[in-house]
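In what follows, a single structure is set out as C-alpha cells and then discussed.
Every read-out reported here was derived from the displayed coordinates using simple, explicitly stated rules and does not represent laboratory data. None of the values given here were measured: they were computed from a predicted structure. With ideal geometry, Cβ positions are generated from the backbone for all residues, glycine too; neighbour counts draw on all protein chains shown.
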Amino acid sequence: MKIAIKYVLIYLGLSIVGAVALLFPTIIVELALNPELLAADEFSMSPWTQSIMMLGSQLLTLYFFWKKWADYSFIKESGSKSFFLWAAIGWVGCVLIATFIQTYAPQWDWDMGILKEIGDMSRNPLGIISICVMAPLLEEGIFRGTIERKLLEKNRNPWCAIVISALAFAIVHGNLTQGIIALILGLFMGWIYYRTRNIWLCIFVHALNNTVSVVGTWATGDVSGVSPFSLPVDLLLLAVGIGLVIIFALQYKKLPIFVPQPEDKVVEGLPVQPEGLPAEVPEQQEPME
C-alpha cells in the first residue's frame, strides 16, 4: 500500500506543477485573444486552455516516470496479434459490465461537472491527444508499469498487486462515474499485465476505451455513461459482458505467464548457475607438441 500511495502522490504533485507552469501563460494568451473575458462576471477557462494545461501536466509527469520509475519495455510474444484480439474482446465485456453498474449507481452534480469538462475537451484537438494518447501512456506507466510491477516484485499474491493498483487508478479519477469503469478496467488490465508483463497491451486497451468514449461523445452528446435501454435489455447486455470476460480469461489462461528473470551475474567472466555456483570451467587442452 505504501508503494501505491508514494507513486500516486508523486503523480499528483508532478501533474499540479506541470499544470500550474502553463496556467498563467495560457490565461494571458486567452485574455489577449478575448479581452471581453475581463468584463465577464466569472472567468471560465476555454477547452483550449484546459487542454494545454492537461498536456503540460501529462508531459512533465510522463517524462519523470518514463525516465525513473515505469517499465515501458515491449515484450514481443509469439502470436502477439491474438493477445491484442482477445484483449479487445475482453474490453468489450468489461465496458458492458461497467455500463450496467454506472446506469444504476447514483450520479452526483460533481460527477456530471467533471464529465462535462472532459466532454468539452474531447471536441478539442489538443484534448483528443491528451485523452486518447497521453492519458493511456502516462496512466498505464504509473498504475501498471510502476505500482503493480513493484507490488508483484514484493508480494507473492498477484491479486493483491492487481487490486491495489486498480483501486488507486479508480480513486485518482475523482468521481464515481469514471471510478467505476476505471476500477473494472484496472482489474482487467492489471490481470493482463500480470500474465504478460507487457505494458503496451494495457496501453492498447486504455487507448481503445478512451477513443471509443470520445467518439461516443461526439455521436450522442452524452457524457453520463448510462445505458439508453430498459432494465431487461441491460440485464441481457450484462450477461453478454460477463460471458465475454470469461471467454477472454479462458484464452489468456492458456498463455504462459511471463516472469522476468534477473540478468545472469558474472564472476570473473564466467556465468553463474541458478543455484549461485559458478559454472564449470571447460578443461583447457594441452598444447600439441
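Hey, got the dipole for the range 73-253? About the Cα centre, +1 on K and R Cβ, -1 on D and E Cβ, debye to the nearest 20? Write out the running numbers ahead of the final one.
Values: 12 positive and 11 negative charges, 169 e Å.
Here the range 73-253 has a charge dipole of around 820 debye.
Taking 30 Å as R0, compute the FRET efficiency from the Cβ-Cβ separation of I5 and K67 and round it to 0.05.
Values: r = 21 Å, r/R0 = 0.71.
After rounding to 0.05, the efficiency reads 0.90.
Taking loop as defined by DSSP and a crowding limit of 14 other beta carbons within 10 Å, which chymotrypsin sites (Phe, Trp or Tyr not before Pro) in the range 95-175 fit? Don't skip to the end; give the middle numbers.
Details: sites: F100, Y104, W108, W110, F143, W159, F169; in loops: W108.
Filter output for the range 95-175: W108.
Find, among the trypsin sites (Lys or Arg not before Pro) in the range 136-175, those assigned to loop by DSSP (not H, G, I, E, B) with at most 13 other beta-carbon atoms within 10 angstrom.
Values: sites: R144, R149, K150, K154, R156; in loops: R156.
Here the sparse-neighbourhood loop sites are R156.
Just the Cα atoms of the range 73-253: what Rg and Dmax do they give in Å?
In order Rg, Dmax, the Cα atoms of the range 73-253 give 16.1, 48 Å.
Arranged from highest to lowest average of other beta-carbon atoms within 10 Å per residue, in what order do the peptides 191-197, 246-252 appear?
Working: 191-197: 21.7, 246-252: 15.6.
Going from most to least packed, we get 191-197, 246-252.
List, in the order given, every pair from K67/K253; K6/K154; K68/K254 whose Cα-Cα distance in the structure shown is over 27 Å. Mind showing how you got there, number by number?
Values: K67/K253 32 Å; K6/K154 15 Å; K68/K254 33 Å.
Distance filter (> 27 Å) returns K67/K253; K68/K254.
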